[in-house]
1. Between Gln310 and Asp125, what length in nm is gained on full extension when 0.36 nm per residue of separation is reduced by their alpha carbon distance?
2. Taking N as the number of residues in region 241-351, what value does Rg over Cα atoms divided by 2.2 N^0.38 Å take?
3. Calculate the translational D of region 74-176 in whole µm² s⁻¹ from Stokes-Einstein, where the hydrodynamic radius comes from the Kirkwood formula applied to all Cα pairs, the temperature is 37 °C and the viscosity 0.692 mPa s.
4. What does the net charge come to around Glu100 if you take all other residues with beta carbon closer than 15 Å to its beta carbon, with K and R at +1 and D and E at -1?
Amino acid sequence: PGEIPIIIGPNTFLGAYGSSNVLGYHAARLPIELDLLNGNPELPSPPDGATIPPGGQAGGGVVALQGGLAGATLDVTINQADARAGGQDTITIIYEVPGEAWAGIGFSNNGGLMVGSEAVIGQPDEGVVQKWILSSKQGIEPMADAQQTLIEPSIVQQGGITTLQFTKILEEPGEIPIIIGPNTFLGAYGSSNVLGYHAARLPIELDLLNGNPELPSPPDGATIPPGGQAGGGVVALQGGLAGATLDVTINQADARAGGQDTITIIYEVPGEAWAGIGFSNNGGLMVGSEAVIGQPDEGVVQKWILSSKQGIEPMADAQQTLIEPSIVQQGGITTLQFTKILEEPGEIPII
């Protein structure tokens with residue numbers, strides 16, 4: 001009751017850990033898009049090894065996005081020593097969204113927040129694709145003409161689908177670089193062709209070197225037998241949480257929870273520090289989300305409300321319903337483990 005539910009479907013978790021055992025500002029934090037019904041697709045990646053031959057390409061393959069961007073697809077290709085860019089490395093992006101609307105792909109170096117990021121936005125009515133600065137939620141502005149260096153940009157609408165396509169130089173002066181490694185992109189689109197507030201937006205964690213791991217998923221179909229389990233398997237996290245791992249299992253009709261469905265999470269982080277997994281229904285923002293946080297020195301694992309960046313507060317005792325919670329440190333690794341009811345009144349659901 002009063003908590004964000006966890007649902008058997010698309011969820012936004014927040015992974016975080018500290019720089020010490022004292023609960024304070026996180027040393028690392030990242031949204032984790034996790035679909036507990038269908039799994040998360042494996043994102044395109046270059047071939048093994050860090051090197052792409054000059055003039056060669058890596059990536060490609062259409063990825064079906066999930067969560068808030070369900071119905072959209074992303075196709076990414078790295079072009080090394082691209083002759084169209086004077087021999088600089090570039091990225092080609094094809095982004096398809098359902099319906100007829102403006103569409104944009106952003107590039108973030110602040111953990112997926114809109115403000116402070118940059119984006120390529122296509123406006124179908126004007127037939128214009130430009131680079132923009134996302135300076136505030138109230139107003140954004142196109143970059144100067146000298147920075148409008150996109151190659152072969154286009155925005156096309158056909159058959160109820162809007163397709164944004166462009167090639168961008170990976171590293172440009174004064175802009176957020178795209179690296180052959182972990183990146184945070186932002187996918188968004190509107191409710192019409194008129195550029196305004198997005199109908200859908202979601203951070204996309206994309207590793208252009210190693211690819212993104214396929215997250216655990218239940219068996220085919222929507223049904224897990226009562227008392228059965230789905231998921232499991234250790235996932236190596238990337239980006240800002242590189243070095244951490246996540247293991248997720250769904251327990252349907254869990255006897256420990258009076259027959260309610262639950263999720264068991266095992267989250268390992270490098271070093272000795274507090275650790276937390278959050279649950280979000282606001283696109284991965286910290287404020288407004290909820291979390292399970294383990295404090296090793298106190299040996300306490302609790303559910304918290306992330307009410308502000310300046311202060312967070314534990315939920316009321318009546319909401320501390322975790323099953324078999326623990327936080328253990330051994331061999332330079334901190335392991336947070338708990339089982340949580342998927343849907344609890346007044347809490348963000350896990351689907």
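1. Result for the pair: 62.3 nm of gain on full extension.
2. Numbers: Rg = 13.8 Å, N = 111, 2.2 N^0.38 = 13.2 Å.
That ratio works out to 1.05.
3. So the translational diffusion coefficient is about 231 µm²/s.
4. Details: positive: none; negative: Glu96, Asp125, Glu126.
Within the 15 Å Cβ shell, the charges total -3.
Quick note: the coordinates plus some simple rules give every number you see, no bench work behind them. The shown structure was predicted, so the numbers you read here are calculated from the model rather than taken from an experiment. Glycine also receives a Cβ, built like all others from the backbone with ideal geometry; neighbour counts cover every protein chain displayed.
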